[in-house]
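What follows is a set of notes on a single structure, which appears directly below.
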Amino acid sequence: MGNIVREYRTVKEIAGPLMLVDDVEGVTYGELADIKMDDGSTRRGRVLEVHDRKAMVQVFEGTRGLSPEDVRVKFLGKGMELGVSIDMLGRVFDGSGKPMDHGPAIIPDKYLNVNGSQINPYARDYPNEFIQTGISTIDLLNTLVRGQKLPLFSASGLPHSRIAAQIARQATVLKTGEKFAVVFAAMGITFEEAEFFIAYLPRWGSLLKKLSSLLQILPKRVP
């Protein structure tokens, strides 16, 4: 994806969190866009689909108050990136990577594409590094190792949030001296659940040295 910036004032339609931009050229799937209003304010979006010189853009902050004739769309020529640093440990961020714990902004050591690299399952190492969760039914019957997922099936009213927080707090590897960190990410959670995680996890002083949290609260669903 080339870093070529293009700006258009050809928004044809706005519906929900989506807007259709016409007569675009060189726009690619997943590319970021800045939506600029005549009052100088800016919102951020991402390309969901490109077809026949038309681009469908999802506006992260929503399209309330926007009209097609009053906005300009600036395509940034790059995908969504996250600035990372060792200083992220012990901090809490929103789904866009912005601090939400009233702490200082992170000065990134480098930027990483949030989509990651392509995965080749054939080249994957055999998972055999045990991660101890401190929950006996998991450690003995459904052992968690690096490179594997641990599904937790739950229903409304059950303490799945507490179980997830407990695993994040207690997870460790048995190799002595190895640097081990936990990134706790929650997507589509309610404000009450987010407040629980923010209040519960930092209470454990030792956890702050190894935990970074990413929370995305009640995102808009796109059909």
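Read the figures in this text as sums done on the coordinates, not as results from a lab. Since this is a predicted model, take the numbers as computed values, not measurements. Note: ideal-geometry Cβ built from the backbone for every residue, glycine included; neighbour counts use all protein chains shown.
Worth pointing out:
- Three principal axis lengths of the chain [C-alpha, angstrom, descending]: 60, 41, 37
- Net dipole in debye of the chain [+1 Lys, Arg Cβ; -1 Asp, Glu Cβ; about Cα centre; nearest 20]: 560
- Panel order for ARG53, ARG124, by other beta carbons found within 10 Å of each beta carbon, from fewest to most: ARG124, ARG53.
- Out-of-range pairs (alpha-carbon distance over 22 Å; input LYS12/LYS74; LYS78/LYS149; LYS36/LYS98; LYS78/LYS98; LYS54/LYS98; LYS149/LYS175): LYS78/LYS149; LYS54/LYS98
- When only Cα pairs below 8 angstrom with a gap of at least 6 residues are kept, the chain shows a relative contact order of 18 percent.
- Segments 70-81, 130-141 sorted - mean Cβ within 10 Å per residue, highest first: 70-81, 130-141
- For ASP87, ASP23, order by how many other beta-carbon atoms lie within 10 Å, fewest first: ASP23, ASP87
- Whole-Å semi-axes of the ellipsoid equivalent to segment 32-75 (Cα gyration tensor, √5λ, descending): 18, 11, 9
- Dipole of segment 6-75 [Lys/Arg +1, Asp/Glu -1 at C-beta], most positive-end residue of HIS51, ALA15, ILE35: ILE35
- Cα-centred dipole magnitude for segment 1-133, charges only on beta-carbon of K, R (+1) and D, E (-1), debye, nearest 20: 60
- Alpha-carbon Rg/Rh ratio, for segment 66-179, with Rh computed the Kirkwood way: 1.06
- Charged side chains reduced to their Cβ positions (Lys and Arg at +1, Asp and Glu at -1) give segment 91-182 a dipole of some 40 debye around its Cα centre.
- Rounded to the nearest 10 degrees, the angle from helix 191-200 to the longest Cα principal axis of the chain is 40 degrees.
- Listed from fewest to most Cβ neighbours within 10 Å, the set THR172, THR42, THR63 follows the order THR42, THR172, THR63.
- Degrees between helix 160-170 axis and first principal axis of the chain (Cα, 0 to 90, nearest 10): 60
- Spread of Cα-to-Cα distances over 10 Å intervals beginning at zero, given as percent, for segment 51-126: 12, 30, 30, 22, 5, 1
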